[in-house]
Amino acid sequence: MQTIEQPTDTYNLPDANGRFGEFGGKYAPETLMAALTELEQAYDQAKNDVAFGRELHDLSRHYVGRPTPLYHAKKLSAELGGAQIYLKREDLAHTGAHKINNALGQALLAKRMGKQRIIAETGAGQHGVATATVCAMLGLECIVYMGEVDVHRQSLNVFRMKLLGARVEAVKSGGRTLKDAINEAIRDWVTNVETTFYIIGSVVGMHPYPMMVRDFQSVIGREARAQCIEQIGRLPDYIVACVGGGSNAMGIFHPFYHDRSVKLIGVEAGGAGIETGRHAAPLTAGTPGVLHGARSYLMQTADGQVMDTESISAGLDYPGVGPEHSYFKDSGRATYTSATDAQALEGFKLLCRAEGIIPALEPSHAMYTVSQLAPTLPQDAVIILNLSGRGDKDINTVAAVLGVEL
Amino acid sequence: MSRIAETFANLKREGATAIIPYVMCGDPDVATTLAVVPALIAGGADLVELGVPFSDPIAEGPTIQRAAERALASHTSLADCLGVAQQLRDQGVAAPLLLMGYYNPIHHYGIVRFAEHAAAAGVDGVIVPDLPPEEAEELTTALKAKELDLIFLLTPTSTDERITRVCKLASGFIYCVSLLGVTGARTEFSASVGSLVERIHQHTDLPIAIGFGISRPEHIAAASAIADGAVIGSALIDRLTAAPASDRANAGREYIAELKTAAQRLKPSPLEGRGLGEE
């Protein structure tokens, strides 16, 4: 059995300028710069405040339902005939996805800063629902920007947000998906910066967001690491997670950063296929660029215009990616691959059938990659799949693709 | 002396405020831009901002968003915008030309290559609304090497510390954003902008131009009372878009001429007047 050592070397990125190597930064309009500095300072104080930590911890436990289980999927593992597969069950967190970890942390910070008006963007609607949920609980006003295309394909989540008291603004510019929702949320923030807190839903955007969202999501990896050691007495060999902006992946990857034996694999949305150009896989097929305040891998044209993306999964349908993932890619700490829409559907159906768990389409991409990886490994190898959300929201999409009328 | 500095110096002597129209290059095609810009100058424009279209213009309101979408529909690239500047110079346009656009297309083009090509095309300055001083070192250095100005924006939320920092880096002029929000015509001139202009003046002698929300002659008059220039973007684009395609250049010229009448600043005192060596 390998010995488990606590990390000794230090990883302290981002630096003072919000950089992860050559990625990240603060490419923001001047109007927001003072607010970003204020946010950075407020977050720094909150992070070191025992009372803030206790409130976050208590709500995570009693409201969100943490820790989420690490579940040994024995039947799935046996069916695939290779490595042992463990599922980190973020789908069992309140509201059905990991997004609540970050929404709760940022909403508590907003309250602490005295901001009563909350704005958020959402793709699949999971971050919007999570934000609307914590705003209802904390008594904050909530406005969610959502691309018009996503409003239609995730109508269940739109209704949930409205029930929770949020206002949903359908965004009609650009490709009318997540990227455009972020544009509109930034425009709102520029206009209402003095009264408003912008809860970004992924490890994207200008510093300090990628760092802050990572920290709030790292609870996933801290739990998974401890649970893995407790259940099998050692660290896993692989961790696999889907990557859109990359918050669930960064949340589970980060606490394993120093555990060099643990291989980290991110799975992007391959859409209709990387070779078709119709996908959402900037780490797989993009080049460095600047979008939404950070330098990171980006899907862009020869003229530096940001491309519209395509994916069956609204939550992965984004042309950019968190800057720390770009750093992980270039430094080799993580590797990134992709799964197409059709492959994600295979992963979706596999998990439904083999384990009685209906996953969201986002982690279904990672499920597919695991289904290909596991058979190549010995039976004592261990893979943790971050099951970032449950699939109820995707039932209509899946039914339509399968030609089933509901 | 750069074309920008010379233009502001001349206007100051004349007691006038600079009229700085913004048009989106390639909206809806490059030929339109090439026809409209000379007309704006004939109407009295002193400097011209050429917008570079971008897919994700986070500081723009609906008017300029739509303009960018139209320009992108006709595939207008940053290289095309540089071509527009070059052709305007070839046509004999002498006014300072500024490129205004988001950072990614410039980053993708290559910073040094962009600075070289912009200088060669006759561009005088560059405005990048998503490039604060924290991230501007590379572009500032490349533009300085070619004697081009990087114009920084300051806003009502800029702290004194930030104003100091920007003024140290800035050249050409300071773009003073009159309000919190995105671009777009407003009915009222922002009342709070005066105090911002005063704060900026404490840190620099550079000219100050006010932008965002300006649409009417009375806004120009109000800007003239406190600043050295006024930028007109969305309101101009609204006028151009509303006009028939064949009449856009005329519509632009008439609108700028109307605003120009309000651009006279308080007359210089007789003492100053004598100092200028007139007659």
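Some notes on this structure:
- For segment A:313-363, the spread of Cα positions along each principal axis, largest first, Å: 37, 21, 16
- Between A:Asp317, A:Asp392, A:Asp180, the Gaussian network model of chain A with springs among Cα atoms under 10 angstrom shows the greatest mean-square fluctuation at A:Asp392.
- Equivalent-ellipsoid semi-axes of segment B:3-277, from the Cα gyration tensor, Å, largest first: 26, 22, 19
- Ellipticity estimate at 222 nm from DSSP helix runs (n ≥ 4, -39,500 (n - 2.57)) divided over chain A, nearest 500: -12500 deg cm²/dmol
- 1.4 Å probe, heavy atoms, protein only - residues of segment B:110-153 losing at least 10 Å² accessible area vs chain alone: B:Pro129, B:Asp130, B:Pro132, B:Glu134, B:Glu135, B:Leu153
- When the surface is traced with a 1.4 Å probe over the full set of protein chains, A:Met307 keeps roughly 60 Å² accessible.
- Chain B: Cys lacking any partner C-beta under 4.7 angstrom: B:Cys167, B:Cys176
- About the centre of its Cα atoms, chain B shows a dipole size close to 340 debye [charges on the beta carbon of Lys, Arg (+1) and Asp, Glu (-1) only; nearest 20 debye].
- Scanning chain A for DSSP H helices at least 15 Å long along the axis (C-alpha atoms) with a Kyte-Doolittle mean no lower than -0.5 picks out A:30-47, A:99-112, A:126-138, A:178-192, A:219-232, A:341-355, A:361-373.
- Bins of 20 Å, starting at 0 and running to the largest distance - Cα pair percent for the protein assembly as shown: 18, 48, 26, 7, 0
- 5 Å binning of all Cα-Cα separations within segment A:337-406, expressed as whole percents from 0 upward: 4, 17, 26, 26, 15, 7, 4, 1, 0
- Cβ-isolated cysteines (cut-off 4.7 Å), chain A: A:Cys228, A:Cys242, A:Cys352
- Listed residues B:Leu88, A:Leu377 arranged by accessible area, highest first, probe 1.4 Å: A:Leu377, B:Leu88
- Solvent exposure, largest accessible area first (probe 1.4 Å, DNA, RNA and ligands not counted), of A:Leu36, B:Leu206: B:Leu206, A:Leu36
- 20 Å-binned pair-distance histogram of chain A (Cα, whole percent): 30, 62, 9
- Heavy-atom accessible area for B:Glu134, with the other protein chains in place and a 1.4 Å probe, reaches approximately 60 Å².
- Taking A:Val168, B:Val123 and ordering them by how much accessible surface each has at a 1.4 Å probe, largest first, produces A:Val168, B:Val123.
- Net dipole in debye of the protein assembly as shown [+1 Lys, Arg Cβ; -1 Asp, Glu Cβ; about Cα centre; nearest 20]: 1240
- For A:Glu30, the accessible area of its heavy atoms, probed at 1.4 Å with every protein chain present, is near 10 square angstrom.
- Kirkwood hydrodynamic radius over Cα pairs of segment B:1-144, then Stokes diffusion coefficient at 37 °C and 0.692 mPa s, in µm²/s: 212
The values are calculated or read from the model by the stated rules, or taken from the named source; none is laboratory data. Because the structure is a prediction, the values reported are computed rather than measured. Note: ideal-geometry Cβ built from the backbone for every residue, glycine included; neighbour counts use all protein chains shown. Side chains are part of the model used for accessible areas, which takes the heavy atoms of the whole protein and leaves out ligands, DNA and RNA. Shrake-Rupley method; radii C 1.70, N 1.55, O 1.52, S 1.80 Å.
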